[in-house]
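Before any comments, here is the structure.
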2 protein chains.
Amino acid sequence: MSKGLPKRSEDYSLWYNELVKKADLAENSPVRGCMVIKPYGFSIWEKMQAEIDRMFKETGHVNAYFPLFIPKSYLSKEADHVEGFAKECAVVTHYRLMNDPDGKGVVVDPDAKLEEELIVRPTSETVIWNTYKNWVQSYRDLPLLINQWANVVRWEMRTRLFLRTAEFLWQEGHTAHATKQEAIDESVQMMNVYAEFAENFMAMPVVKGMKSESERFAGAVETYCIEALMQDGKALQAGTSHFLGQNFAKAFDVKFTNKEGVQDFVWGTSWGVSTRLIGALIMAHSDDQGLVLPPKLAPIQVVIVPIYKGEEQLQTISDKVAELTKGLKAKGISVKFDNRDTYKPGFKFAEWELKGVPVRLAIGPKDLENNSVEIARRDTGEKELFSLENSLADKVEALLEEIQNSIYQKAFNFRAENTTEVDTYDDFKKVIDGQGGFVSAHWDGTTETEDKIKTETKATIRCIPLDRKEEAGVCIYSGKPSAGRVLFAKAY
Amino acid sequence: MSKGLPKRSEDYSLWYNELVKKADLAENSPVRGCMVIKPYGFSIWEKMQAEIDRMFKETGHVNAYFPLFIPKSYLSKEADHVEGFAKECAVVTHYRLMNDPDGKGVVVDPDAKLEEELIVRPTSETVIWNTYKNWVQSYRDLPLLINQWANVVRWEMRTRLFLRTAEFLWQEGHTAHATKQEAIDESVQMMNVYAEFAENFMAMPVVKGMKSESERFAGAVETYCIEALMQDGKALQAGTSHFLGQNFAKAFDVKFTNKEGVQDFVWGTSWGVSTRLIGALIMAHSDDQGLVLPPKLAPIQVVIVPIYKGEEQLQTISDKVAELTKGLKAKGISVKFDNRDTYKPGFKFAEWELKGVPVRLAIGPKDLENNSVEIARRDTGEKELFSLENSLADKVEALLEEIQNSIYQKAFNFRAENTTEVDTYDDFKKVIDGQGGFVSAHWDGTTETEDKIKTETKATIRCIPLDRKEEAGVCIYSGKPSAGRVLFAKAY
């Protein structure tokens, strides 16, 4: 702890990497591109999962589980899909090892070669639509509203803890519908679920929008997304929801008989968020002292540190703490009493600051005398002496809510300050290379222009905001007509 | 539904397979040996997971996540371990596909060959102990009490839904301790946690014991297990907990400095249960009409079927059902109102019977008149007319508890009737080939005898029960001295 973190202003990227490691969230594994999610990091994921899963179930979805492996030939059935994923697939070719004839460890048994290679799922549309074929005959079998929590593998060459790893954890929803409109409504609904989760739980404001053609999911007709802004002015795609049209139904021959007795292909959607959200959470709020976690996702919401000399004082403080903890827990607040005798209070303060616990209570002999406790909030660093004449549980409950809102507001203000409207390409480049952030500009709607802007500035179209106003204008690059502004940014 | 199930007495194995499919629990996928766990089956797994995870956390464990892939060389580091797992490993050799030069789909890109092949984890001791090396320096870093929920792959040649599949879902706990005794206590504790889960939630009595040397986990010093008896008289290993000694610490050089300042290797345990438990649950209780689920793990505890003619009657019944449902849900009872208008009551009765819903309520116009409801319990088939003058919620709550206990008692009695003490090899063979079940017999303690008995009878030593009495005797096979009886059975 004493070593401290690099400052965000000096090296944001290094700050992020060090923070992830020092706060015990995750570390690189010796397996190329794969990470170990450590218990503290995983407990944040568990809190995220619990909320997201609840929201899925409230919107009528159920969970299931499909195979890790996908026969190579399945990938080829949807042309865009194979184009998008073939270049980063882990391929299983054998099913047995044998003793090395040279006596050194084990080698692949050449006799145990698979007839058809299997790929480790990079996403499960193909294996799931191949299954849906047998589940759907009539409109009565629809909709299928299924989600799975799973690991997926994409062989990325440049990886970064949480943000981009070869293996990651995610959920992938795969739904099948009788009509086009129902499938579109489903994709929009799930984008809204993601936005609600990001804003209400992660305290992270997001822009809801559609992807341009070149940023669309491989195999989708339309990709809806939520985009967030990080503190370094780069955007991060936090969740996507795809309207698949009938693409996968056609690729896997999934037909149904509608109410009129006519056969048609089924309409599909898929949608996912991943452990990448943990990276977003870290980058959206944390500071040079460490993590800042929104109370709704903090594994520990309140830490209590005793200030004492000798066993006897500790005992008296512990009795008081037991009483206070009971009141806090009765309100569903998670509390940790850090009574380790191997560390000093200052060390503990720094550790819990680094780990982003929203509220810290400190109690010493003087507090016992005065019937008080020191309350410190992580996000602002503010401290106050609180009299235990009043209800600590009520106070902390209100404070946690205030912190949750305050963190959101701070991120919201940051985004407002870092969203710039520009009308010329010169201004565009100035902002992109300067303060960064979201740049709102007119675009002619062509992939050609988008590509040129990307090549010249590294900025991409993050989304076409759903709430953009109809506003005639001219493309900043080509001068051709545009029907409204889109959001550009450099992105993770 | 109308087609019905095969009878257990005629073809137990076919009955099981058909039941798994017809009750919508799981199906085989086109990927060899892998299954699709369907939503209804998965919801049972979710209920199991929630309880088991709660029990782990109550005993001080936390969750984490380690990589899916294990470098081939790691396996070789523990001699017994590689011997046990090398023959059934899925091996990743390449990381990219490319367009087939012949224009047909995709092929493996020969230029994208991995320097070292990766195996898909069959279990994670090696990758986890390799990580622990960096986490442990001093006794202060111990114990590590970590669990992970994950998928694993063992390339089984003969697979069976839930019982034995190439990919399966499980949890694997991996703990590290400063002393031998603490590690042994941990392994015993986790065996007890599994036994408690099996008996209190699955309503499945189990024998706690130790494995003989030849049945031990590859790399363990001692394997503790829980063994259950299925209705066909075969045993099923439902969970194992391994005391690993210092084997993996030595293989991966995991040392710590103890309180006295002396370096020593760390002591380890690992323990797991898997989706196999769903197979055990099915086989322990279900009957020729379908699943019989213990209320504590039933995704739906109560189904309500309306008996009506016309929209108006349905409306009146629905109003009554809404009122009753509210009372049931207030007690935490999960209820489904099956108001599908595409199926007749008889069809619905058969479907929910097949799916093992513990309690079925039926309400028709006559019931409305008499202010009553018909209650049917799945396990015994008993029906009663219940007057709504009394509290339905209280009644159902008590009934669910009674069903839970009754299912357990039935399985307990079955096991008692099918556990036989024998003192001669002739009697042993007679029982093993006849009624089956557990056979309690003296054994001389040698692998040689165990192997011979296995070859001649297909029966294996399921465990050396922890509560066996000290009883001098002679081995049924060799006539050599024995210190107590062990349990034999044919097993899944």
Next on the checklist: Taking the condition of being touching a residue at least 60 places away in the same chain (Cβ under 8 Å) and either surrounded by 13 or more Cβ atoms within 10 Å (Cβ to Cβ) or touching a strand residue (DSSP E or B) at 6+ places or on another chain (Cβ under 8 Å) (or both), how many residues in segment A:317-330 meet it?
Outcome noted: 3
Checklist entry - Residues in segment A:440-456: is at least one assigned to a loop (DSSP other than H, G, I, E, B) and touching a Cys at 6+ places or on another chain (Cβ under 7 Å)? => result yes
Checklist entry - Within the set of pairs 6 or more residues apart or between chains, which connect a residue that is in contact (Cβ under 8 Å) with a residue 40 or more places away in the chain inside segment A:45-68 to a residue that is assigned to a loop (DSSP other than H, G, I, E, B) and open to solvent by 10 Å² or more (accessible area, probe 1.4 Å) with Cβ atoms less than 6 Å apart? => result A:51/A:201; A:64/B:38; A:67/B:29
Next on the checklist: I'd like to check something: does segment A:281-300 contain any residue that is in contact with a strand residue (DSSP E or B) (Cβ under 6 Å, 6 or more places away or on another chain) and open to solvent by less than 10 Å² (accessible area, probe 1.4 Å)?
Outcome noted: no
Checklist outcome for this item: Within segment B:353-378, restricting to residues that are in contact with a Gly (Cβ under 9 Å, 6 or more places away or on another chain) and open to solvent by less than 30 Å² (accessible area, probe 1.4 Å), the one that is nearest to residue B:401 (Cα to Cα) is B:378
Next on the checklist: Among (1) over 21 Å from residue B:294 (Cα atoms); (2) modelled with pLDDT of 95 or more; (3) of a type outside the set (Phe, Trp, Tyr), there is one condition residue B:401 misses while meeting the rest; what is its number?
Outcome noted: (1)
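Just to be sure, is residue A:4 on the phi > 0 side of the Ramachandran plot, in the same structural domain as residue A:162 (by the TED database) and either surrounded by 16 or more Cβ atoms within 10 Å (Cβ to Cβ) or among the small types (Gly, Ala, Ser) (or both)?
no
Being among the charged types (D, E, K, R) and modelled with pLDDT under 95 is true for just one of A:113, A:57, A:72. Which residue is that?
Exactly one of A:113, A:57, A:72 is among the charged types (D, E, K, R) and modelled with pLDDT under 95, namely A:72.
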Item to check | Hits in segment B:382-396 - residues which are in contact with a strand residue (DSSP E or B) (Cβ under 9 Å, 6 or more places away or on another chain) and open to solvent by less than 50 Å² (accessible area, probe 1.4 Å) | outcome: B:386, B:387, B:388, B:392, B:396
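Looking at residue A:169, is it at the interface with chain B (Cβ under 9 Å from one of its Cβ atoms), without any contact (Cβ under 8 Å) to a residue 60 or more places away in the chain and open to solvent by less than 30 Å² (accessible area, probe 1.4 Å)?
For residue A:169, the condition - at the interface with chain B (Cβ under 9 Å from one of its Cβ atoms), without any contact (Cβ under 8 Å) to a residue 60 or more places away in the chain and open to solvent by less than 30 Å² (accessible area, probe 1.4 Å) - is not met.
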Checklist entry - Out of (1) among the aromatic types (Phe, Trp, Tyr); (2) more than 32 Å from the chain's Cα centre (by Cα); (3) within 10 Å of chain A (Cβ to nearest Cβ), what's the single condition that is false for residue B:139? => result (3)
Checklist outcome for this item: Considering only strands (runs of 3 or more DSSP E) wholly within segment A:208-292, the ones with at least 2 residues that are in contact (Cβ under 8 Å) with a residue 24 or more places away in the chain are A:222-229, A:235-245, A:255-257, A:267-274
Checklist outcome for this item: When restricted to A:189, A:181, the only residue surrounded by fewer than 20 Cβ atoms within 10 Å (Cβ to Cβ) and within 23 Å of the chain's Cα centre (by Cα) is A:189
Checklist entry - Taking the stated definitions as given, is residue B:314 open to solvent by 40 Å² or more (accessible area, probe 1.4 Å) and in a helix (DSSP H, G or I)? => result no
Checklist entry - Out of segment A:80-97, which residues are touching a helix residue (DSSP H, G or I) at 6+ places or on another chain (Cβ under 7 Å) and facing chain B (nearest Cβ under 7 Å)? => result A:82, A:86, A:96, A:97
Checklist outcome for this item: Being open to solvent by less than 10 Å² (accessible area, probe 1.4 Å), aliphatic (A, V, I, L, M) and farther than 17 Å from residue B:146 by Cα narrows B:251, B:235 down to just B:235
Next on the checklist: Taking the conditions exactly as written (touching a His at 6+ places or on another chain (Cβ under 7 Å) and of a type in the set (D, E, K, R)), does residue A:186 satisfy them or not?
Outcome noted: yes
Next on the checklist: So for segment A:5-23 (the condition being within 12 Å of chain B (Cβ to nearest Cβ), outside any loop (DSSP other than H, G, I, E, B) and either among the aromatic types (Phe, Trp, Tyr) or closer than 30 Å to residue B:119 by Cα (or both)), does at least one residue qualify?
Outcome noted: yes
Checklist entry - Which condition number in (1) over 28 Å from residue B:80 (Cα atoms); (2) open to solvent by less than 30 Å² (accessible area, probe 1.4 Å) is the one that residue B:261 fails? => result (2)
Item to check | Filtered residues of segment A:24-69 (kept if within 7 Å of chain B (Cβ to nearest Cβ), within 29 Å of residue B:45 (Cα to Cα) and among the aliphatic types (A, V, I, L, M)) | outcome: A:36, A:37, A:62, A:64, A:68
Checklist entry - For segment B:26-33, does any single residue satisfy the condition of being assigned to a helix (DSSP H, G or I) and either open to solvent by 10 Å² or more (accessible area, probe 1.4 Å) or at pLDDT below 95 (or both)? => result no
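The values are calculated or read from the model by the stated rules, or taken from the named source; none is laboratory data. Just so it is clear, the model here is predicted, and its values are computed rather than measured. Cβ: placed from backbone, ideal geometry, glycine included. Neighbour counts: every protein chain shown. For accessibility, only protein heavy atoms count, side chains too; no ligands or nucleic acids. Shrake-Rupley method; radii C 1.70, N 1.55, O 1.52, S 1.80 Å.
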